[in-house]
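Shown next, in structure tokens, is the structure this report addresses.
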There are 2 protein chains.
Amino acid sequence: MAETAGLDRQICFSLYAASRAVTGLYRQALGELGLTYPQYLVLLVLWQRGEISVGDLGAALALDSGTLSPLLKRLEAHGLVDRSRGAADERTVLVRPTAAGLELRERATGLPDRLASAIGLAPAEFRQLQDLLDRVRAAATSHPL
Amino acid sequence: MAETAGLDRQICFSLYAASRAVTGLYRQALGELGLTYPQYLVLLVLWQRGEISVGDLGAALALDSGTLSPLLKRLEAHGLVDRSRGAADERTVLVRPTAAGLELRERATGLPDRLASAIGLAPAEFRQLQDLLDRVRAAATSHPL
DNA sequence: CGCGATTTGATTGTGCACAATCAAACGTGG
DNA sequence: CCACGTTTGATTGTGCACAATCAAATCGCG
């Protein structure tokens, strides 16, 4: 045989398709807030940590500066974040939410629960899925193949 | 309280991050073949189904023409696929692999197994993960939120 | 101090994703 | 036959992702 397996047997496609489907669900909800999904993830970090450097933000989200720099400029243009050079190290850029950026937090509070109920897994299944995904991610990022 | 949950508690981020991590693993392996990950998915379908219309391809991969049209042109420019208008219906475009496109299948045979072992889940866990992902995808695509 | 190596973020270029719009081809009722 | 609505793919525009490269700031070591 040695036939290449079809799409239906490839875990990678299930992962890829599920990720895009869930992002699409967020797209609808976030559209009301004027945010994209990666922008929402950045704000999640800022709401939790307050001021943070671009580097630490990239480490938290596993995104590099080529993705974050223009994204942060768009958030700044929309008045949701401030950016400034660090006082101690002039190379670092510190990002923090503005008042408008903090206000969005209230409007986004119900979002994770709405999404979770739309997906409709049992709580135990959610935990199981997250555990498996985190292990996959850890293996994929450490193993250079 | 009513605090927005952090990144670590959001299943959506685990899904998003795991998907990008696995895609990154494929990126290394596919680089030797001169393919991107979505291009590889298109070829998987073509290897299995032979000739197929752009519409059916989009349905199989859940991708629209705005993504597939330029992607297929790049594959055509690399000599891996042919494109032609359908005889019965001049609106449809039929895509099929060239000889070079079919040869790549041999070079890609070991790939899913190599990736699976790099990820390192037990077979039962793989099945479990795929089941959960497919259910998430089904719920996310049917529920309009 | 001074100079090479490192760190940090920005820039550039390619390639997805997806919404919105468009034009050509098809199909059907009158 | 023909006008109208539908289907099919292409095009356009915005916004991620990521590799590669760059410049400025900092650090380390002699």
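Results, tabulated for the structure shown:
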{"item": "Single unsatisfied condition, B:ALA108 versus (1) touching a Leu at 6+ places or on another chain (Cβ under 9 Å); (2) open to solvent by 40 Å² or more (accessible area, probe 1.4 Å); (3) not aromatic (Phe, Trp, Tyr)", "result": "(2)"}
{"item": "Pair list, Cβ under 7 Å, 6 or more apart: the stretch B:22-47 residue under 26 Å from A:ARG135 (Cα atoms), other residue among the basic types (Lys, Arg) and more than 11 Å from DNA strand C (Cβ to nearest atom)", "result": "B:ALA29/B:ARG114"}
{"item": "Number of positions in the stretch B:1-35 that are surrounded by fewer than 20 Cβ atoms within 10 Å (Cβ to Cβ), more than 10 Å from DNA strand D (Cβ to nearest atom) and more than 7 Å from chain A (Cβ to nearest Cβ)", "result": "8"}
{"item": "Every residue from the stretch A:83-103 that is among the polar types (S, T, N, Q) and surrounded by 12 or more Cβ atoms within 10 Å (Cβ to Cβ)", "result": "A:THR92, A:THR98"}
{"item": "Odd one out for B:LEU43, checked against (1) within 14 Å of another protein chain (Cβ to nearest Cβ); (2) among the hydrophobic types (A, V, I, L, M, F, W, C); (3) over 24 Å from A:ILE11 (Cα atoms)", "result": "(3)"}
{"item": "Any pair with Cβ under 7 angstrom, 6 or more apart, that starts in the stretch A:96-116 at a residue that is more than 19 Å from A:GLU76 (Cα to Cα) and ends at one that is surrounded by fewer than 12 Cβ atoms within 10 Å (Cβ to Cβ)", "result": "A:THR109/B:ALA2"}
{"item": "Qualifying positions in the stretch A:77-101 - closer than 15 Å to A:LEU57 by Cα and of a type outside the set (Lys, Arg)", "result": "A:VAL81, A:ASP82, A:SER84, A:GLY86, A:THR92, A:VAL93, A:LEU94, A:VAL95, A:PRO97"}
{"item": "Filter pass, B:LEU121 being of a type outside the set (Gly, Ala, Ser) and either within 24 Å of A:GLN130 (Cα to Cα) or open to solvent by 50 Å² or more (accessible area, probe 1.4 Å) (or both)", "result": "yes"}
{"item": "Enumeration of residues in the stretch A:48-63 that are among the hydrophobic types (A, V, I, L, M, F, W, C) and without any contact (Cβ under 8 Å) to a residue 40 or more places away in the chain", "result": "A:LEU57, A:ALA59, A:ALA60, A:LEU61, A:LEU63"}
{"item": "Considering residues of the stretch A:95-145 that are outside any helix (DSSP H, G or I) and more than 19 Å from the chain's Cα centre (by Cα) only, the residue farthest from the other protein chains (Cβ to nearest Cβ)", "result": "A:THR98"}
{"item": "Some residue of the stretch B:40-60 being part of a loop (DSSP other than H, G, I, E, B), surrounded by 15 or more Cβ atoms within 10 Å (Cβ to Cβ) and under 12 Å from the mean Cα position of the chain (by Cα)", "result": "no"}
{"item": "Residue in the stretch B:64-73 that is away from chain A (no Cβ under 14 Å), in contact (Cβ under 8 Å) with a residue 12 or more places away in the chain and open to solvent by 30 Å² or more (accessible area, probe 1.4 Å) present", "result": "yes"}
{"item": "Residue count for the stretch A:46-63, restricted to those that are under 18 Å from A:ALA99 (Cβ atoms) and facing another protein chain (nearest Cβ under 10 Å)", "result": "3"}
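The values are calculated or read from the model by the stated rules, or taken from the named source; none is laboratory data. As the structure is a prediction and not an experimental result, all values here were calculated from the model. Here the Cβ is made from the backbone with ideal geometry for all residues, glycine too, and neighbour counts use every protein chain on show. Side chains included, ligands, DNA and RNA excluded: accessible areas come from the protein's heavy atoms. Shrake-Rupley method; radii C 1.70, N 1.55, O 1.52, S 1.80 Å.
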